[in-house]
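Trainee: After the structure tokens below, expect a handful of questions from me.
The values are calculated or read from the model by the stated rules, or taken from the named source; none is laboratory data. What you see is a predicted model, and the numbers here were worked out from it, not measured in a lab. Every residue, glycine among them, receives a Cβ derived from its backbone with ideal geometry; neighbour counts consider all protein chains shown.
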Amino acid sequence: MKTGTRITKSFKSILFYAGAIALCVPPVFVFVWMILTGLKTGVQNIAYPPEFIFMPTLENFRAVFQQYNFFRYLINSLIVACLATGISLALGLPAAYSIAKYRQGKIGIIILVARMTPFVSYLLPWYIIFRHLKLIDTYTALTITHLIITLPMVIWLMVSFFEGIPAELEDAAMIDGCSRLQSFIIIVLPLVRNGIATSAIMSFIFSWNQFLFSLILSGPKTKTVPVAVYNFISYGKIDWAGIGAAATLIVLPVSVFAFFVRRTIVQGLTMGALKK
Amino acid sequence: MKTAFSALSRFVDRRQAFVYPAPAVIALFLIVIIPIGYNLYLSSAKWTIGLGQPRFIGIGNFIDLLSDERVLNGVKVMVYFSGLSLSLEVALGLLIALYLNREFKGSEIVQAIYIFPFAATPVAVALIWRVMLNPEIGVMNYLLKSVGLPGSLWVSSPQTVIPALVLVDVWKWTPMITLIVLAGLKSLPHEPYEAAQIDGANALQIFWYITLPLIRPVLIAALMLRSLDNLKEFDMIYTITQGGPGIASETLYLYSYTVGFSFFKAGYGSALMVVVFLMVLVFNVVMNRMRLSAKNT
């Protein structure tokens, strides 16, 4: 009797694990296929049936850097993402703190409007303005438009993190002779460092991944990686192997970042989602 | 120098509620509100970029779009794509979260894996899906055929293009919904479940009468969060089909892009963008009503 229940129990748990593994197959498979596409030669990539076992080559990664000048695009993306993230944090942290502390819900409405408006609605005016100012194909144009996404995101995420901080802590700091500004920098910001890390990384990811603004506003000098990889298909013939290699290079950094803050990303999204 | 700093510090201290949000509010006003205003203005004008000056025509653009067949098609495609993908993502997200909602070795690994599709660059993964969905040499048809199923034309046929794009969207976003719902399930109170067990309720009853009502605000919040991006899905559709074949996957949003940046009709394009914005707004207002009523009952 007892061994019987134990057997059904372990059978059930094997069944459960089989299900859990099956649920991981779709996400993993696409990433594996991406890497495999990058490690195959052009001929192997158009073979049917598709080859699962083959001699991997790093030739495509070399070609991506040498023929397509990919390093330049990676640097462009890095510059824009860092600028957008840095400015978003500098402006967004005090604002989010104030919204949380003084219940300034009206500012929240601007943020909601910013998040709901289709990106094309910003793109057309900005395109016209930047064309006038001769700012197309500059980091300035890209950073400003990326801020449309990253600044509201940082504020929206940080408000919920700041709301978790008890006001008494700050009062205690002020009794000890801190000014409000000092207590914000010395006491409050370190307490929300998880939130800051999360919103910084989210902001970086969304700027790095941004395609639409960069498609229109970047040019030969400032082209970012999503636009660069998209151009692989507009050169007439489609270079699948190159796409595989380039896609792997683009996805790798954001995946690593997201992995490190995976728990707080979900926490931030859930808290934010539940409030508004 | 020092007195200047302390004067500044005192000013910041006294006017904290004003000084802290001011830079962000000014920035948002400049980069968000002014372009939206300009967009609204353009929607009442007839203007092709590069040709002459905008000419005010009132609601002329909005009257024109009523008789534009691509507008009707765009709305249909949008409703089809968003309706199908959003409902599948929330339903699957809930089911998978319920399945994973227990203590087990490796739950950390599953949750780590589930963050990757969310973070991955949409254009990059969309291109890989384009490779995988190729009807002749793609791995998806190979896998279908190897288990005895017929292959599909996926994004190459007007009949299957939307479900195929929905597949990609569901792949990318269901994991994130799962993680949000899972976090919600873990925070539910224990008491109702204990009471239900004492009363001898079965699993289905517990789900229907306890879990679902409790988790509904989380589900609707996740749906709203997701809909903000889903209704303006651009990168993935543009990368895989550019609205094709023909205009079979051209959402209203994609069409407004084409009008604005391929035809350079700034006025008419802006009017289309205003319509997209109103669609997102209405959807979110309705969902918010539902969420608040779900919370209060």
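Trainee: Kindly provide the set of residues from the range A:86-112 that are assigned to a helix (DSSP H, G or I) and either among the hydroxyl-bearing types (Ser, Thr, Tyr) or within 7 Å of another protein chain (Cβ to nearest Cβ) (or both), ordered by number.
Mentor: Listed by number, the residues that qualify are A:Ser88, A:Leu91, A:Gly92, A:Pro94, A:Ala95, A:Tyr97, A:Ser98, A:Ile99, A:Tyr102, A:Ile107, A:Ile110.
Trainee: Since A:Pro56 meets every condition but one in (1) surrounded by fewer than 19 Cβ atoms within 10 Å (Cβ to Cβ); (2) touching a helix residue (DSSP H, G or I) at 6+ places or on another chain (Cβ under 9 Å); (3) in the same structural domain as A:Asp171 (by TED's automatic domain parsing), which condition does it not meet?
Mentor: So the condition that A:Pro56 fails would be (3).
Trainee: Of the conditions (1) among the hydrophobic types (A, V, I, L, M, F, W, C); (2) farther than 22 Å from B:Val259 by Cα; (3) in contact with a Lys or Arg (Cβ under 8 Å, 6 or more places away or on another chain), B:Ala45 satisfies every one except a single condition; which number is it?
Mentor: Among (1) among the hydrophobic types (A, V, I, L, M, F, W, C); (2) farther than 22 Å from B:Val259 by Cα; (3) in contact with a Lys or Arg (Cβ under 8 Å, 6 or more places away or on another chain), the lone unmet condition for B:Ala45 is (2).
Yes/no matrix, rows are residues, columns are (1) under 21 Å from A:Lys12 (Cβ atoms); (2) more than 7 Å from chain A (Cβ to nearest Cβ):
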position: B:Leu94; (1), (2): no, yes
position: B:Ala97; (1), (2): yes, yes
position: B:Asn101; (1), (2): yes, yes
position: B:Ile113; (1), (2): no, no
position: B:Ala120; (1), (2): no, no
position: B:Val125; (1), (2): no, no
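Trainee: Looking only at the range A:113-124, which residues are over 23 Å from B:Gly267 (Cβ atoms) and more than 7 Å from chain B (Cβ to nearest Cβ)?
Mentor: Matches in the range A:113-124: none.
Trainee: Restricting attention to helices (runs of 4 or more DSSP H) lying wholly within the range B:180-264, give those where 2 or more residues are of a type in the set (Phe, Trp, Tyr) and either out of contact with any strand residue (DSSP E or B) (no Cβ under 6 Å at 6 or more places or on another chain) or crowded, with 16+ Cβ neighbours inside 10 Å (or both).
Mentor: Counting at least 2 such residues, we get B:252-261.
Trainee: Turning to a different aspect of this structure: Inside the range B:258-297, can you point out the residues that are under 21 Å from B:Arg226 (Cα atoms) and of a type outside the set (A, V, I, L, M)?
Mentor: B:Phe277, B:Phe283, B:Asn284, B:Asn288, B:Arg289, B:Arg291, B:Ser293, B:Lys295
Trainee: With (1) farther than 24 Å from B:Pro189 by Cα; (2) under 17 Å from the mean Cα position of the chain (by Cα); (3) within 7 Å of another protein chain (Cβ to nearest Cβ) as the list, and B:Ala221 as the residue in question, which single condition is left unmet?
Mentor: (1)
Trainee: Another question, if that's okay. If the requirement is being more than 17 Å from A:Ala241 (Cβ to Cβ) and either away from chain B (no Cβ under 13 Å) or in contact (Cβ under 8 Å) with a residue 40 or more places away in the chain (or both), which of these qualifies: A:Thr41, A:Thr8?
Mentor: Of the residues listed, the single one that is more than 17 Å from A:Ala241 (Cβ to Cβ) and either away from chain B (no Cβ under 13 Å) or in contact (Cβ under 8 Å) with a residue 40 or more places away in the chain (or both) is A:Thr8.
Trainee: Please work out if B:Ile31 is more than 12 Å from every other protein chain (Cβ to nearest Cβ) and in contact with a helix residue (DSSP H, G or I) (Cβ under 9 Å, 6 or more places away or on another chain).
Mentor: So B:Ile31 fails the test.
Trainee: Which condition breaks for A:Ile148 when tested against (1) within 13 Å of chain B (Cβ to nearest Cβ); (2) over 24 Å from the mean Cα position of the chain (by Cα)?
Mentor: For A:Ile148, the exception is condition (2).
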